[in-house]
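In what follows, a single structure is set out as structure tokens and then discussed.
Bear in mind these aren't lab numbers, they're just calculated from the coordinates by the rules spelled out. Predicted, not measured: the structure shown is a model, and the values here were computed from it. Positions of Cβ are generated from backbone atoms using ideal geometry, with glycine treated the same way; all protein chains shown enter the neighbour counts.
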Amino acid sequence: MKRYRIAVIPGDGVGKEVIPASQRVLEAAVAGHAELAWTVLPWGSDYYRQTGAMMPPDGLEILRGFDVIYLGAVGDPPRVPDHVTLWGLLLPIRKAFDLYVNVRPIKLLPGITGPLRNKGPEHVDMVFVRENTEGEYAGAGGRVHVGTPYEVALETAVFSRFNVERVVRYAFELARTRRKHLTSITKSNAQQHAMVFWDTVVAEVAQDYPDVEVTSLLVDAAAALMVRAPERFDVVVGSNLFADILTDLGGALMGSLGLPPSANLAYDPQLPSLFEPVHGSAPDIAGRGVANPIATIWAGAMMLDHLGETEAANRIMTAIEALTTEGKVLTPDLGGTATTEQVAERIIELL
């Protein structure tokens with residue numbers, strides 16, 4: 001029986017509720033076939049208030065010894081500023097382990113009524129490939145003349161040919177496994193250096209994929225088209241910022257931010273990849289036991305697939321779709337009255 005070492009970081013807010021529920025679903029899915037060796041790490045905003053750091057000084061070295069990382073949520077506003085929580089935990093992990101792409105499926109599940117009139121599951125089915133280590137979130141910049149009327153803040157986006165090319169190539173390879181259409185998100189009409197460079201790299205890589213149709217869209221036009229005609233999208237590749245924003249719109253198209261998952265994939269297979277829901281810590285509902293665990297469970301299915309447990313991952317997805325189709329056990333964000341635990345238990349029954 002295979003044994004997988006999984007670092008679990010429940011984090012903040014609803015992360016502490018959806019992670020334990022999701023662990024039980026994953027355990028049920030692999031029962032008798034694999035062992036999930038969980039190590040729970042109590043890092044996050046509570047840890048920060050106790051120690052002044054989101055994780056211990058050797059946190060990255062601790063994580064290096066695991067096969068994968070399973071994260072719940074990060075953020076505890078207003079008690080801890082968001083830039084402190086993000087740059088204190090998630091972004092250092094992404095950079096240290098070179099988690100170069102963030103894969104985010106956007107799919108309207110059967111039985112869920114999305115916000116778009118006359119658009120069903122056959123229309124909303126796309127996958128975003130988000131550049132994940134540099135771009136607008138590179139962290140290059142600073143502030144000068146702080147506290148004076150002349151204060152200046154600089155935030156410099158960083159785009160390297162090596163990184164953009166490997167992210168775009170990943171997106172092309174993924175498009176080949178789906179409907180063979182790739183949309184590149186840009187803003188080269190206004191950003192004449194970084195985004196023109198992005199467009200150039202996409203065009204160069206496209207020459208190696210003549211079987212994949214490529215469309216380039218300005219980010220504002222893409223946002224409008226996602227609402228008007230989501231069926232036009234298959235695989236979408238974008239920068240760190242653009243894909244981050246558009247996938248929240250995608251979550252809305254799915255009917256709730258409690259649904260979309262994500263996978264942060266390491267370029268080096270010897271380093272741990274990280275799996276998490278797209279949603280944040282949702283402090284407004286934390287502690288009430290009503291957070292939707294589907295995004296975290298779906299992210300767990302992506303984690304199992306990454307580990308090679310594809311059959312278990314597929315069974316989880318089948319169970320999730322059965323749950324939403326029957327529509328009887330749903331959390332309040334989807335119009336139901338079920339608790340986090342009840343949704344997880346029903347998915348386990350459906351397995």
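Computed over segment 60-167, the P(r) curve from all C-alpha pair distances, binned at 5 Å from the origin, holds 2, 9, 12, 14, 15, 16, 13, 10, 5, 2, 1, 0 percent per bin. Backbone phi angles across segment 266-271, fed through the Karplus curve with coefficients 6.51, -1.76 and 1.60 (θ = phi - 60°), yield HN-Hα couplings of 7, 5, 8, x, 7, 9 Hz in residue order; Gly and Pro are listed as x.
Where both residues lie in the chain, what percent of DSSP beta bridges are antiparallel, nearest 5?
Close to 45 percent.
Here the Karplus curve 6.51 cos²θ - 1.76 cosθ + 1.60, taken at θ = phi - 60°, turns the phi angles of segment 10-23 into couplings of x, x, 10, x, 5, x, 6, 9, 7, 5, x, 5, 5, 4 Hz, with x standing for Gly and Pro.
DSSP assigns beta bridges within segment 114-254; of those with both partners inside it, close to 30 percent run antiparallel. Close amide H partners of G336, meaning residues 5 or more places away or on another chain with modelled amide H under 5 Å apart, are T331. The GluC sites (Glu not before Pro) found in segment 126-222 that occupy coil by DSSP, while having at most 16 further C-beta atoms within 10 Å, are E151. Return a whole-number percent for the relative contact order of the chain, with Cα pairs under 8 Å and 6 or more residues apart as the contact set. Relative contact order for the chain comes out at 23 percent.
For trypsin sites (Lys or Arg not before Pro), the sites in segment 312-351 that DSSP calls loop and that have at most 14 other Cβ atoms within 10 Å are K328.
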